[in-house]
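Quick note: the coordinates plus some simple rules give every number you see, no bench work behind them. Just so you know, these numbers come straight off a predicted model, no measurement behind them. Because the Cβ atoms are built from the backbone with ideal geometry, glycine has one as well, and the counts that use them run over all protein chains shown.
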């Protein structure tokens, strides 16, 4: 039954909880303890569309090798939810462990021969120790964390340090929580052999890295980038991005003398209004942004077209989730690629950025505002639920304190004064970017009426077809200019070029790199490129051209990214092989390898 | 048909206190139908801004889509304008105002733009008490798409094609009152004497100032049987009172009989002298104003004039406590936190 091989720093723990019972913070403390032991880990929260009562899971993958993608094959399940017990027993790998509340006996139908059961009478301990029902519930979480810490060899000093930091602002709670941890610790010590064959050992593998989610990183990035207006409408999984902006703005953006806010956050009546406010604020010279998810993108599409045609800088964060309705949309996907790339009516194309890590979220969030103002067009930062809401191990944030915001081509009073005849849509520099003016700058020069179409280079009303065409050609030139300044794709390959390549973006980075290693172990070498922005640069085109076949890995059903490559770069579709995952869970390396291998055999044959 | 407006003006054209002549407040020539009520409103806006001596470039004019929303091109050429998305002017105006609280915001919308597609935004911009003047050029029909009934068309009103409107009309004035708008007025495009002082008062008001202006559509809704025709409106207009707008710099004298006049001080120090034709009505009392609206509705009258004003009104910026300095004027120095702050953030996540 018991697997005798000892696995150090390489396993997956899954917590099965009931939503709304306070388990999330206990689980986070567990994960943070592993991080503070210097061991790379990644945590995924699988949560329902529910506030209280439905099952929720939390997965922690520990990887000495530093693999930060999700992995199938759970080594230990800590089941605190009778509703999901049957399923949870089934998810344990043979030889793995099932930790459960043994206050009541486990029904024999849940007994498997090939796994180990560790019963802890958690409720019984709580009933004995606590009288308040809420306390019983909350401390039960700490009891199982303490028990697992002992089973997995987590350093108790580290865990207690995490608890002390967590309750820094409520120090009265520190001792009771540590007490509850010890209830779990002591029960294991008295009743079981410990540590288990899967266990932790201290390492020094995380350096000065941080653990943070992408939404928070984007919110902080927006503050450093000088964004002053945030308009939004609540939607999972993007809400916490605005929450983070608000939280840090209320610390970092208060005028010291007056106590007034150097920022404005407005919760709009819907996403149409949110994007309208963002466009209005940007039009009037402030840096403004909104964040949303798929349904919000649909609603914002009309306005996005206006911003494209009227050439108004706009920053939009899209934290992607699965399709319509309530429920599955609390799961991750990369399925708004086409909806965002071509959002709106008429001939529209938008610049997309694809961050892969919290650090990149921070940087791309800041860069998005520079790019938006430089290019006077919407910039959509494409996160997904996994990146936005889950904690990731990330390089720490860095910033150049001498950074000057790139406000793009904006004419000030003196420049307008010197202007003979101002034309809002003239392409003086032949880069497709015109000079803009902001209301209130000059008493007699630079004013015009902003419209989507139907105007000439001087913003005068016209319905002449040739003027429309001239402007569309200017927008095409701007698109080419964009290719020169957007983030370049990154290569992940040794100097030797192989015949086969893989392309991916966003959170697929981690499982893709792991998949490369797995394939390499099997003697299969693949080149790899991570695309960081749309439009596609020459480097992307070259990469595809240099390979006979390219696997395009993405987390949606319709291979939307592949369609975009085929369409924009005029690629023979047969050359691009789809590797897809769209069940709402972050894609795994195994999932990629399983799909690649059969293709690979046929290609080689 | 559109024409280029000749740039020539009489050299002795009088100028206002800031030295601007009326020409400095004009726009390009209108492309609306001859006799359109909207053009009279554009004229009134030009006159009001000229007389108020507002610097034209300190005004931003915003609109949605429709005949009414085309008009910002026809007034205030030296002001930035934004002809935005159908029904979405309020959100664009909100964003613009958040970026720079120091400009005067003039929003122009129509009955389709505000009472149908943009109803949600109309409601919520009132709720936020955005500091702006919001004009609805209300003609009860969709002009640009050739005369369909709009949501403000009265039940039983006859269209040009002879069909009767089956649905209840939405009264934007009553709605604005219910929603707590801090300045509510109704006027008629054909009554410049009433409209100009109302526009001035609205622009001096701090907070959301709403003017519903009945503005007949000469082409599609000026027929016998329509309740938005010139003739019908003239016959059924009932005025609460006449209004004098006294800019704050003038000496304020009240020479009206107590009881039938009321002086109302505006946020910028200007004064409104109201000569009340209805003694039961108190324009600073929401209940009393609502009562007047209901009574005139029962009598089938179109109530015009300043209906309600909240002198204590603040605005969105006060509610969300934004700094007095316009957000769009803040620079790296005021906006960018330090490296130490960032290191603390990193440390908090270890």
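Numbers for the structure displayed
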read-out: Euclidean distance of C-alpha centroids, region A:211-254 and region A:158-202, integer Å; value: 32 Å
read-out: DSSP bridge pairs, the protein assembly as shown: antiparallel proportion in percent, nearest 5; value: 35 percent
read-out: On Cα atoms only, tilt of B:192-204 relative to the major axis of chain B in degrees; value: 20 degrees
read-out: Rounded to 10°, Cα long-axis angle of helix A:133-152 versus longest principal axis of chain A; value: 80 degrees
read-out: Pairwise label distance in nanometres, residue A:463 with residue A:102, each label 7 Å out on the Cα-Cβ vector; value: 8.3 nm
read-out: Region A:555-588 versus region A:288-304: alpha-carbon centroid distance in Å; value: 23 Å
read-out: FRET efficiency, residue A:426 to residue B:8 (Cβ-Cβ, R0 22 Å, nearest 0.05); value: 0.25
read-out: Fewest-first sequence of B:189, A:164 by Cβ atoms within 10 Å of each Cβ; value: A:164, B:189
read-out: DSSP beta bridges in region A:490-604 [antiparallel fraction, %, rounded to 5]; value: 15 percent
read-out: Region A:440-493 versus region A:306-327: alpha-carbon centroid distance in Å; value: 20 Å
read-out: DSSP beta bridge pairing in region A:34-142, given as percent antiparallel to the nearest 5; value: 40 percent
read-out: Theoretical gain in end-to-end length, residue A:480 to residue A:524 [0.36 nm per residue, Cα-Cα removed]; value: 12.2 nm
read-out: Relative contact order (percent, whole number), region A:326-465, Cα cutoff 8 Å, 6+ residue spacing; value: 18 percent
read-out: Cα Rg, Dmax, region B:1-142, angstrom units; value: 15.2, 48
read-out: Value of relative contact order over region A:212-394, rounded to a whole percent, pairs C-alpha under 8 Å and six or more apart; value: 30 percent
read-out: Acute angle (nearest 10 degrees) that the helix A:156-166 long axis makes with the longest principal axis of chain A, alpha-carbon atoms; value: 40 degrees
read-out: Estimated inter-spin distance, residue A:255 and residue A:111, nm [label 7 Å along Cα→Cβ]; value: 7.3 nm
read-out: Shape of the protein assembly as shown, Cα gyration tensor, a/c cut at 1.5; value: prolate
read-out: Relative contact order (percent, whole number), chain B, Cα cutoff 8 Å, 6+ residue spacing; value: 15 percent
read-out: Exposure proxy order (Cβ contacts within 10 Å, fewest to most) of A:251, B:206; value: A:251, B:206
read-out: Approximate spin-label separation residue A:545-residue A:164, in nm, with each point projected 7 Å along Cα-to-Cβ; value: 6.1 nm
read-out: Paramagnetic label zone (point 7 Å from Cα along Cα-to-C-beta, residue A:406; backbone N under 20 Å) in region A:181-225; value: A:218, A:221-225
read-out: Residues residue A:247 and residue B:28, FRET efficiency given R0 of 45 Å [Cβ-Cβ distance, rounded to 0.05]; value: 0.40
read-out: D (Stokes-Einstein, µm²/s), Kirkwood Cα radius, chain B, 1.306 mPa s at 10 °C; value: 75 µm²/s
